[in-house]
Amino acid sequence: MPLPESTTAYAAAKAALRTYSKSISKELGPKGVRVNSVSPGWIMTDSSEHLLKRLQAANGGTIDEARQVVLDSLGGIPIGRAAESYEVADLIAYLASERAAAIHGAEFVIDGGTVRTV
């Protein structure tokens with residue numbers, strides 16, 4: 001999601017990766033190689049925790065208030081929280097498994113509903 005004050009270049013890079021993934025899925029699918037992409041939103045990582053601590057130090061208040069600043073800057077996350085890294089890993093493990101053998105050329109957004117689809 002491009003945010004003019006902070007993430008436009010990052011969002012543009014993700015869009016390029018999405019297009020590249022679609023392209024190579026057409027090339028590699030006939031060779032038996034499945035290509036899918038996973039597009040995570042805000043993921044609670046060590047870096048995210050450090051960001052919250054920096055925001056708390058800069059603005060005062062609590063970690064929960066710092067978390068709300070991030071949520072607000074993203075326009076809200078309908079599930080009310082960042083995803084956890086294991087949730088992204090679980091999705092990737094599923095996509096790599098034989099249970100997903102017919103999934104090819106798809107993009108999976110795992111962002112708690114941040115980017116609206118309609």
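The values are calculated or read from the model by the stated rules, or taken from the named source; none is laboratory data. Being a predicted model, the structure only gives us computed values, none of them experimental. Quick reminder, even Gly has a Cβ in these numbers, built from the backbone with ideal geometry, and neighbours come from all protein chains shown.
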Checklist outcome for this item: Every listed condition ((1) touching a residue at least 40 places away in the same chain (Cβ under 8 Å); (2) hydrophobic (A, V, I, L, M, F, W, C); (3) out of contact with any helix residue (DSSP H, G or I) (no Cβ under 8 Å at 6 or more places or on another chain)) holds for A102 save (1)
Item to check | The lone exception for S48 - which of (1) in contact with a helix residue (DSSP H, G or I) (Cβ under 9 Å, 6 or more places away or on another chain); (2) among the small types (G, A, S); (3) closer than 30 Å to A101 by Cβ it fails | outcome: (3)
Checklist entry - Got a sec? Which of A82, A93, A66, A100 is surrounded by fewer than 14 Cβ atoms within 10 Å (Cβ to Cβ) and not charged (D, E, K, R)? => result A93
Checklist entry - So is A57 more than 14 Å from the chain's Cα centre (by Cα), surrounded by fewer than 11 Cβ atoms within 10 Å (Cβ to Cβ) and among the aliphatic types (A, V, I, L, M) or not? => result yes
Next on the checklist: Within region 1-83, considering only helices (runs of 4 or more DSSP H) that don't extend past its boundaries, which have at least 2 residues that are in contact with a Lys or Arg (Cβ under 9 Å, 6 or more places away or on another chain), over 29 Å from H104 (Cα atoms) and of a type in the set (A, V, I, L, M, F, W, C)?
Outcome noted: 46-59, 63-73
Next on the checklist: Filter region 12-51 down to the residues that are over 18 Å from D90 (Cβ atoms), surrounded by 15 or more Cβ atoms within 10 Å (Cβ to Cβ) and of a type in the set (A, V, I, L, M) and list them by number.
Outcome noted: V35, L51
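If only one of A66, A9 is out of contact with any Cys (no Cβ under 7 Å at 6 or more places or on another chain), free of Cβ contacts under 8 Å to residues at least 12 places away in the same chain and either among the basic types (K, R) or within 22 Å of G113 (Cα to Cα) (or both), which one is it? Break it down into steps so the answer makes sense when it comes.
Working: A66 fails: free of Cβ contacts under 8 Å to residues at least 12 places away in the same chain.
Going through A66, A9 in turn, the sole match is A9.
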Item to check | Test for Y94: is it within 13 Å of I43 (Cβ to Cβ) and either free of Cβ contacts under 8 Å to residues at least 12 places away in the same chain or assigned to a helix (DSSP H, G or I) (or both) | outcome: no
Next on the checklist: So in region 103-118, with the set limited to residues that are more than 30 Å from K31 (Cα to Cα) and not aliphatic (A, V, I, L, M), which one is surrounded by the fewest Cβ atoms within 10 Å (Cβ to Cβ)?
Outcome noted: T117
Next on the checklist: Please count how many residues of region 2-51 are of a type in the set (F, W, Y) and within 25 Å of I79 (Cβ to Cβ).
Outcome noted: 2
Item to check | Only listed residue being modelled with pLDDT of 95 or more and under 13 Å from the mean Cα position of the chain (by Cα), chosen from S25, S85 | outcome: S85
